[in-house]
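J.: I have a structure I would like to understand better, so I am pasting it below and will then ask my questions one at a time.
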Amino acid sequence: VQLQASGGGLVQPGGSLRLSCAASKSIFSFNAMTWYRQAPGKQRELVAVITSGGSTSYADSVKGRFTVSRDNAKNTVYLRMNGLKPEDTGVYYCNAILSLETYWGPGTQVTVSS
């Protein structure tokens with residue numbers, strides 16, 4: 001399974017971005033797909049999860065600002081990020097969970113700065 005995240009960039013505080021994670025196979029088969037982020041000098045942290053049934057959950061720090069969604073037809077998961085803050089800066093990674101296996105793709109850099 002290959003995953004490719006895209007959509008990162010430089011945005012001002014209060015701005016928005018939409019990240020995409022394209023999978024090389026049907027995402028319908030995955031138990032869940034998640035977004036993580038890693039800020040400089042910090043550990044990777046879970047940002048959002050979407051299950052195969054469509055249930056979602058979020059880190060407290062992004063609740064109400066970020067929305068995770070999926071398009072099964074495009075084998076793509078999205079992370080819509082609104083109200084971005086400087087502390088949202090980091091490399092964002094998507095992963096997919098299939099049975100006991102976890103697959104990671106390369107990250108995409110998000111920088112929130114004025």
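Read-outs: derived from the displayed coordinates by stated rules, not from any lab. None of the values given here were measured: they were computed from a predicted structure. Cβ placement follows ideal geometry from the backbone for every residue including glycine, while neighbour counts extend to all protein chains displayed.
J.: When you count, for each residue, the other Cβ atoms within 10 Å and take the mean per peptide, how do 57-70, 22-35 rank with the highest first? All intermediate terms of the calculation are to be shown ahead of the outcome.
T.: On the way: 57-70: 15.4, 22-35: 18.4.
The most tightly packed comes first, giving 22-35, 57-70.
J.: When ranked by the protection proxy of mean other Cβ atoms within 10 Å per residue, highest first, what sequence do the peptides 93-101, 39-47 form? Present the calculation step by step, with values, prior to reporting the outcome.
T.: On the way: 93-101: 16.9, 39-47: 11.6.
Packing proxy ranking, top to bottom: 93-101, 39-47.
J.: Under 23 Å between alpha carbons, and skipping anything fewer than 8 positions from Lys42 in its own chain: which lysines qualify?
T.: The qualifying lysines are Lys63, Lys85.
J.: Whole angstrom only: what separates the Cα centroid of region 1-29 from the Cα centroid of region 41-71?
T.: That distance is 12 Å.
J.: Run the quick spin-label model on Ala73 and Glu87: label points 7 Å from Cα toward the beta carbon, then report their separation in nm to one decimal.
T.: Computed distance between label sites Ala73 and Glu87 equals 3.9 nm.
J.: Also: Need one number: nm distance between label points at Lys42 and Phe28, each 7 Å from Cα along Cα→Cβ, rounded to one decimal.
T.: 3.7
J.: As a test, work out the antiparallel percent of DSSP beta bridges whose residues both lie in the chain, rounded to the nearest 5. Provide the component values of the computation, followed by the final result.
T.: Details: 39 of 42 bridges.
Once the DSSP bridges in the chain are tallied, antiparallel ones form about 95 percent.
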